[in-house]
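*Asks:* Pasting a structure here, questions to come.
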Amino acid sequence: MKEDIFFIVNPIAGAKSKTPIPHNIIKHIDKELFNPEIVFTNYSGHATELTKELLARSAKYIVAVGGDGTVNEVARAMLNTSARLGIIPTGSGNGLARHLNIPIGLIQAIEVINSKKETVIDSGNVNGRYFFCTAGVGFDAHIGKVFDQSPHRGFGSYIFTTVKEFANYQPLKYTITSNGYYEELEAFAITFANAAQYGNNAYISPEANISDGLLDICILKPFAKFHAAEIGYRLFTKTLHKSHYLKIIRAKEFTISRAKAGMLHVDGEPTLMGAEIFVNTLHKSLHVLCS
């Protein structure tokens, strides 16, 4: 029996035109398995609303077509349900898709959906906001805010923004507590990694296990500016975890405190959050179609 499958398309994700997407979905989805329906988002948060409406109709397959922000909007409405999340990555980073070995190519990603192969992954929660790839404070959150305000998209624009902002960024002080663990420290960035990478194959925690019930707390210590190239190289060669500038702690839940409210990113999307940040994991809470 054929199943209904719904594609939620973010028309502004990434830098490329989304015009060919509906045609290719209809052309390449397996019609013996699925009855496809395509809907488009019109504003931030719309994908979550659409997903809730589809789940109320007993949808079993919902595909996010966009970047990590779109995936987040769809996925957070699907938590702890039996519905399967599909991903067609069309964003700038596509971190969750890359971690799950979902191809960036449109047709190849549709073939993954046609296979119906699935896994069950963890998700993270930070002060009530869900994430599936990474979240964090510090430089990454600052860049997320600046990039979000930029009219330009794509990996090149992100790198340009990062280099430009790096020169003047000052590390902040934090306190981390978790099940008896306590540490006061200064950090360039602290990333809560459910998946191994931010996106674009930039690996903050190459050994992260997305289904182990734990989050990797990745503490990037302050470093001299002349070490920036080395840090960047390690980030893209899966070796940053071997640097003495990075410390990784694994925990089911933890609290991070800072002097005052500030920026935090959730799957790359910047948000203002308070001085105290509680983070925890939801073990095996999302069904995802993957390679």
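*Asks:* Which whole-Hz couplings ³J(HN,Hα) result when phi for each residue of the stretch 35-52 is put into the Karplus expression 6.51 cos²θ - 1.76 cosθ + 1.60, θ = phi - 60°, listed in order with x for Gly and Pro?
*Replies:* Working through the residues one at a time gives 10, x, 9, 10, 10, 10, 7, 10, 6, 4, x, 5, 4, 5, 4, 4, 4, 4 Hz.
*Asks:* Considering Cα pairs under 8 angstrom that are at least six residues apart, work out the relative contact order of the chain and quote it in whole percent.
*Replies:* RCO, the chain: 22 percent.
*Asks:* I've got another one for you. As a test of the formula, what do you get for the chain when each DSSP H run with n ≥ 4 contributes -39,500 (n - 2.57) and the sum is divided by the residue count, at 222 nm and rounded to the nearest 500 deg cm²/dmol?
*Replies:* -7500 deg cm²/dmol
*Asks:* Another question about this same structure. Taking the Cβ of each residue in GLU186, GLU165 as the centre, tally the other Cβ atoms inside 10 Å and list the residues starting with the fewest.
*Replies:* Ascending Cβ contact count within 10 Å gives the list GLU186, GLU165.
*Asks:* At q = 0.09, 0.11 Å⁻¹, work out log10 I(q)/I(0) for the chain with the Debye formula, treating every Cα as an identical point scatterer and leaving solvent out; two decimals please.
*Replies:* -0.42, -0.62
*Asks:* For the charge dipole of the chain, defined by +1 on Lys and Arg C-beta atoms and -1 on Asp and Glu C-beta atoms about the Cα centroid, which residue among ILE5, SER211, VAL146 has the Cα displaced farthest towards the positive pole?
*Replies:* VAL146
*Asks:* Now, a different point. From the phi of every residue in the stretch 125-137, what ³J(HN,Hα) in whole Hz does the Karplus formula 6.51 cos²θ - 1.76 cosθ + 1.60 yield, where θ is phi - 60° and glycine or proline is x?
*Replies:* These are the phi-based 3J(HN,Hα) values: 9, 10, 6, x, 9, 7, 9, 10, 10, 9, 9, x, 10 Hz.
*Asks:* Considering only the other residues whose Cβ falls under 13 Å of the Cβ of LEU289, what net charge follows from Lys and Arg at +1 and Asp and Glu at -1?
*Replies:* Working: positive: LYS60, ARG84, LYS116, LYS117; negative: GLU3, ASP30, GLU111, GLU118.
Local net charge: 0.
*Asks:* Now, a different point. When you have a sec, figure out the Kirkwood radius of the stretch 129-284 from all distinct Cα pair distances and drop it here in Å to one decimal? Could you put the intermediate results ahead of the total?
*Replies:* Working: mean 1/r = 0.0637 Å⁻¹.
Mean inverse Cα-Cα distance, inverted, gives 15.7 Å.
*Asks:* Is the shape of the stretch 1-126 rounded, prolate or oblate, going by the alpha carbon gyration tensor and its root eigenvalues a ≥ b ≥ c, with a/c under 1.5 for rounded and a/b larger than b/c for prolate?
*Replies:* rounded
*Asks:* Still on this model: Counting Lys and Arg as +1 and Asp and Glu as -1, what is the net charge of the other residues whose Cβ lies under 12 Å from the Cβ of ILE217?
*Replies:* It works out to a net charge of 0.
*Asks:* Among MET273, MET1, MET78, which comes first, second and so on when ranked by fewest other beta-carbon atoms within 10 Å?
*Replies:* In order of increasing Cβ crowding within 10 Å: MET1, MET273, MET78.
*Asks:* For SER257, what charge total do you get from the other residues with a beta carbon under 13 Å from its beta carbon, if Lys and Arg give +1 and Asp and Glu give -1? Don't skip to the end; give the middle numbers.
*Replies:* On the way: positive: LYS173, ARG258, LYS260; negative: GLU183, GLU184, GLU276.
Within the 13 Å Cβ shell, the charges total 0.
*Asks:* Here is a further query. What list do you get for VAL279, VAL65 if you sort them by fewest beta carbons within 10 Å?
*Replies:* VAL279, VAL65
*Asks:* Go through 83-96, 20-33 and give me the packing order, highest mean Cβ count within 10 Å leading. Before the final figure, lay out the partial values.
*Replies:* Working: 83-96: 25.8, 20-33: 14.4.
Put in order of decreasing packing, that is 83-96, 20-33.
*Asks:* Springs between alpha-carbon atoms under 10 Å, Gaussian network over the chain: tell me which of ALA59, ALA224, ALA195 tops the mean-square fluctuations.
*Replies:* ALA224
*Asks:* May I ask you to derive the relative contact order of the stretch 165-230, considering only C-alpha pairs under 8 Å and at least 6 residues apart, and to give it as an integer percent? All intermediate terms of the calculation are to be shown ahead of the outcome.
*Replies:* On the way: 88 pairs, mean separation 18.8, N = 66.
Dividing the mean separation by the residue count of the stretch 165-230 yields 28 percent.
*Asks:* To the nearest 10 degrees, how steep is helix 155-166 against the longest Cα principal axis of the chain, on a 0 to 90 scale?
*Replies:* Helix 155-166 sits at roughly 20 degrees to that axis.
*Asks:* Taking the Cα centre of the stretch 169-291 as origin, work out the dipole magnitude from +1 charges on Lys and Arg Cβ and -1 charges on Asp and Glu Cβ, in debye rounded to 20.
*Replies:* The calculated dipole for the stretch 169-291 is roughly 240 debye.
*Asks:* Inverting the mean 1/r over all pairs of different Cα atoms, compute the Kirkwood radius of the stretch 58-131 and quote it in Å.
*Replies:* Its Kirkwood hydrodynamic radius stands at 12.7 Å.
Since every read-out is calculated from the coordinates, none of them should be taken as a lab result. Everything numeric in this text was worked out from a predicted model, so none of it was measured. Glycine also receives a Cβ, built like all others from the backbone with ideal geometry; neighbour counts cover every protein chain displayed.
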